[in-house]
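This report refers to the structure that appears directly beneath it.
The values are calculated or read from the model by the stated rules, or taken from the named source; none is laboratory data. As the structure is a computational prediction, the values presented were derived from the model and not from experiment. Ideal geometry is used to build each Cβ from the backbone, glycine not excepted, and the neighbour counts take in all protein chains shown.
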Amino acid sequence: MKRKWYRKLMVCSLSLLALPAFGATVPYCTDFSTDPGWATDQPANYHWDSLTETYFVHNTNTYPGYYPNRYAGVSLDDPIGSFELEWDLNVARCDWSSGLYFGVWDSSLEEPWGQGGESITCVIGRADGGHVIGFQVCANGAGAYADIYPGWSLNKDYTFKVSYDSDTEVAHLEVLDELGDSIWSSTLTVPGGGFTKDLEFLGNNVGMVGRHGYSGINPNAVFEAYLDNVTLIPEPATVLLLGLGGLVLRKRRR
């Protein structure tokens, strides 16, 4: 797999590069040069890939029931308020009606379909309109959904940037292609009067596209992708209070 290298300044301390599955500190970042030790109920399908130094994700659309849960991620020591989240993704396979939900969650990350939970997630999958990207915010039993962006390609690098302002309760997504050009952005307001639960998990749940532009179910549809360069930082003021220094990390584009 071809690699491109450039340097990027991340607000993260060296000790945060490889943390155990539970008890991670915010800011959190990993370039997957080592195993991050993320928690998962399916280690055969979600695991660190030592050859590419990425995190491999294999989602299967097992509707109905969504068992086993199919989650992978990290639990944070403290709930997060305002934040910026960034990650890279390269999709190797995406059958119709399969997909990936990645972002920040409450404890529903570890439940089937994130049922009854609250989250800010980006959706990448294959629906009736082809390869699509969606954005959604769930809170108070309600959901806010962005119009989908169609047209991403397999085996190419994409960067996803999500930010959330807890004062205005507004979330924003920007998607960049492998050249670093912005290809889509979306802004959503948290529904239902704001979050009532703590957002304290970072990771993936669900193996189907969901409501984002599809009209049926394809049981056993498969989604496979490689995650890289995951960074979660709180609002800048919080970072300054933490007194953490900067670290220059290599950012790998495949």
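Kindly establish whether TRP152 is buried (at least 16 other Cβ atoms within 10 Å of the Cβ) and assigned to a loop (DSSP other than H, G, I, E, B). Spelling it out, TRP152 is indeed buried (at least 16 other Cβ atoms within 10 Å of the Cβ) and assigned to a loop (DSSP other than H, G, I, E, B).
Can you confirm whether LEU109 is at pLDDT below 95 and not in a loop (DSSP other than H, G, I, E, B)? It would help to see each step written out before you state the result.
On the way: at pLDDT below 95: yes; not in a loop (DSSP other than H, G, I, E, B): yes.
Yes: the conditions hold for LEU109.
Within region 211-228, the set of residues being over 28 Å from CYS29 (Cα atoms) and either modelled with pLDDT of 85 or more or in contact with a helix residue (DSSP H, G or I) (Cβ under 9 Å, 6 or more places away or on another chain) (or both) comprises ALA221 only. Of the residues making up region 161-172, those that are in contact (Cβ under 8 Å) with a residue 60 or more places away in the chain and surrounded by 15 or more Cβ atoms within 10 Å (Cβ to Cβ) are LYS161, VAL162, SER163, TYR164, SER166. I'm told ALA237 meets every condition in (1) farther than 14 Å from PHE135 by Cβ; (2) at pLDDT 70 or above; (3) outside any loop (DSSP other than H, G, I, E, B); (4) not basic (Lys, Arg) except one. Can you identify the failing condition by its number? Failing condition for ALA237: (2). Restricting region 96-121 to residues that are surrounded by 24 or more Cβ atoms within 10 Å (Cβ to Cβ) and of a type in the set (A, V, I, L, M, F, W, C), the residue that is farthest from VAL162 (Cα to Cα) is LEU109.
For every residue, the table says whether it meets (1) more than 16 Å from ASP228 (Cα to Cα); (2) modelled with pLDDT of 95 or more; (3) among the acidic types (Asp, Glu).
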| position | (1), (2), (3) |
| --- | --- |
| CYS12 | no, no, no |
| SER15 | yes, no, no |
| LEU19 | no, no, no |
| SER50 | no, yes, no |
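Looking at VAL175, is it at pLDDT 95 or above, farther than 24 Å from ASP77 by Cα, crowded, with 16+ Cβ neighbours inside 10 Å and not basic (Lys, Arg)?
Working: at pLDDT 95 or above: yes; farther than 24 Å from ASP77 by Cα: yes; crowded, with 16+ Cβ neighbours inside 10 Å: yes; not basic (Lys, Arg): yes.
The answer is yes for VAL175.
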